[in-house]
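To start, the structure itself, in structure tokens.
Values quoted throughout were computed directly from the atomic coordinates according to the rules given, and no laboratory measurement underlies them. Only a predicted model underlies this, so the values are computations on that prediction, with no experimental measurement involved. Counting neighbours? That spans all protein chains shown, and the Cβs are built from the backbone with ideal geometry, glycine included.
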Amino acid sequence: MWDALVTAGNVIIIPAILATALDKRAYIPRMTSGLSLIGIVAVVVGLIGAGLVLSPIVVGIIGFIWLYIFLFRSRPSGL
């Protein structure tokens, strides 16, 4: 039950992050996206350690989106 609740809560986050990742004009400084990525990795490890199954997968997907933002949205457009 808790796994489903955590998974549902994290699924809601994905469209907002995707909007940032897909917007070529978006700019997130590397420090911000890098710290977010480190935090997400810690959350995934904690969820796996707690024995949850679905929520670490969803949070892992969010982590990959943040990795994309870190790599491709770290400079203002036009530079």
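Any chance you could give the angle, 0 to 90 degrees and rounded to 10, that helix 30-49 forms with the longest Cα principal axis of the chain?
Taking the Cα atoms of the chain, the angle to 30-49 is about 10 degrees.
Could you tell me how many degrees, from 0 to 90 and to the nearest 10, lie between the Cα long axis of helix 54-72 and the main elongation axis, the longest principal axis, of the Cα atoms of the chain?
10 degrees
Counting other C-beta atoms within 10 Å, which of V59, V45 has the fewest, and how do the rest follow?
Least to most surrounded, the residues fall as V45, V59.
Compute the angle between helix 13-22 and the longest alpha-carbon principal axis of the chain, please, reported from 0 to 90 degrees and rounded to the nearest 10.
Tilt relative to the chain: about 20 degrees.
Would you indicate which of [x] 62; [y] 70; [z] 66 is the value of percent of Cα pairs over 13 Å apart derived from the coordinates of this structure?
Step by step, percent of Cα pairs over 13 Å apart for this structure corresponds to label [z].
What's the local net charge at A26, with K and R +1, D and E -1, over the other residues with C-beta under 12 Å away?
Around A26, the charge tally is +3.
Neighbouring Cβ atoms within 10 Å as the yardstick, rank I17, I38 fewest first.
So the ranking, lowest neighbour count to highest, is I38, I17.
Under a 10 Å cutoff between Cα atoms, tell me which one of I40, I12, I62 has the largest fluctuation in the Gaussian network model of the chain.
Looking only at I40, I12, I62, the biggest GNM fluctuation is shown by I12.
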